[in-house]
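Report on the following structure.
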Amino acid sequence: MANNKSTTNMTVSTQAVSASFTSITKTDVVQLMPIEKACHSHPWSEKTFNSCVGGSYFGEKMALKPSEVKHSSPQENTNTGFYIGQYVAGEATLMDICVSPSEQGKGYGKALLAQFLVQAKQLGATKIFLEVRAKNISAQMLYMNAGFIEIDRRTGYYPSSSGFGYEDAIVMSLKC
């Protein structure tokens, strides 16, 4: 895995925010599961999440400095989000990306996606793929603004968040 630990200063909206990106290990999964569960109507199980750590998978968690997050202790960074990707034979796939619901809409998803793209390119990816729920317009816009284009649609791929029926997945790609 590239970048075992890195710290990045970024600009989000009009505020400078200091965040660190740290590789996800199996010991991090328990701490990241609440974010996973809060972000998805059908979240990964802890077992699935653990199976996506190591091997061909790569991922980082994003922690903000305590001064940036309400209700945090001064000694600890607070995990705000994470991504999981997979790299195989020159191609990377964004498997999961989550930002804690209380921190959404502040540009942290954009920062996580940018970090994912950097890491995928460092690993040698020349093409990147992802899939997104057809109804998740804000995520689609995030991906389109990063240069992704729609290449396919998987009919009835996701269970509906309402619990009835299924929802299409939009497959998107980006050439590096």
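The listed residues are Ile151, Ile128, Ile97, Ile137, and the only one of them that is closer than 22 Å to Ser45 by Cβ and of a type in the set (A, V, I, L, M) turns out to be Ile97. Return yes when Met172 is assigned to a strand (DSSP E or B), at pLDDT 95 or above and farther than 20 Å from Lys37 by Cα and no when it is not. Against the criterion (assigned to a strand (DSSP E or B), at pLDDT 95 or above and farther than 20 Å from Lys37 by Cα), Met172 qualifies.
Conditions tested, residue by residue: (1) surrounded by fewer than 16 Cβ atoms within 10 Å (Cβ to Cβ); (2) of a type in the set (A, V, I, L, M).
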| position | (1), (2) |
| --- | --- |
| Thr93 | no, no |
| Ala120 | no, yes |
| Ala125 | no, yes |
| Glu131 | no, no |
| Leu142 | no, yes |
| Asn145 | yes, no |
| Ile151 | yes, yes |
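When Ser73, Ser162 are screened for being modelled with pLDDT under 95 and either charged (D, E, K, R) or not assigned by TED's automatic domain parsing to the domain that holds Ser18 (or both), only Ser162 passes.
Here is the figure for segment 87-122: residues that are basic (Lys, Arg) and within 10 Å of the chain's Cα centre (by Cα) total 1.
In segment 1-53, the residue that is modelled with the lowest pLDDT out of those that are exposed (fewer than 14 other Cβ atoms within 10 Å of the Cβ) and in a strand (DSSP E or B) is Thr11. Among all positions in segment 134-148, there is no residue which is at pLDDT 95 or above, of a type in the set (Lys, Arg) and not assigned by TED's automatic domain parsing to the domain that holds Thr80.
Okay, residues lined up against (1) out of contact with any Lys or Arg (no Cβ under 7 Å at 6 or more places or on another chain); (2) in contact (Cβ under 8 Å) with a residue 24 or more places away in the chain; (3) of a type in the set (Val, Ile, Thr):
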position: Leu112; (1), (2), (3): yes, yes, no
position: Lys121; (1), (2), (3): yes, yes, no
position: Asn136; (1), (2), (3): yes, no, no
position: Ala146; (1), (2), (3): yes, yes, no
position: Gly156; (1), (2), (3): yes, no, no
position: Pro159; (1), (2), (3): yes, yes, no
position: Gly165; (1), (2), (3): yes, no, no
position: Ala169; (1), (2), (3): no, yes, no
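Evaluated against (1) under 26 Å from Thr78 (Cα atoms); (2) touching a Lys or Arg at 6+ places or on another chain (Cβ under 6 Å), Glu91 falls short on exactly one condition, (1).
The values are calculated or read from the model by the stated rules, or taken from the named source; none is laboratory data. All of these numbers come straight from a predicted model, not from anything done at the bench. All Cβ positions, glycine included, derive from the backbone under ideal geometry; neighbour counts span all protein chains shown.
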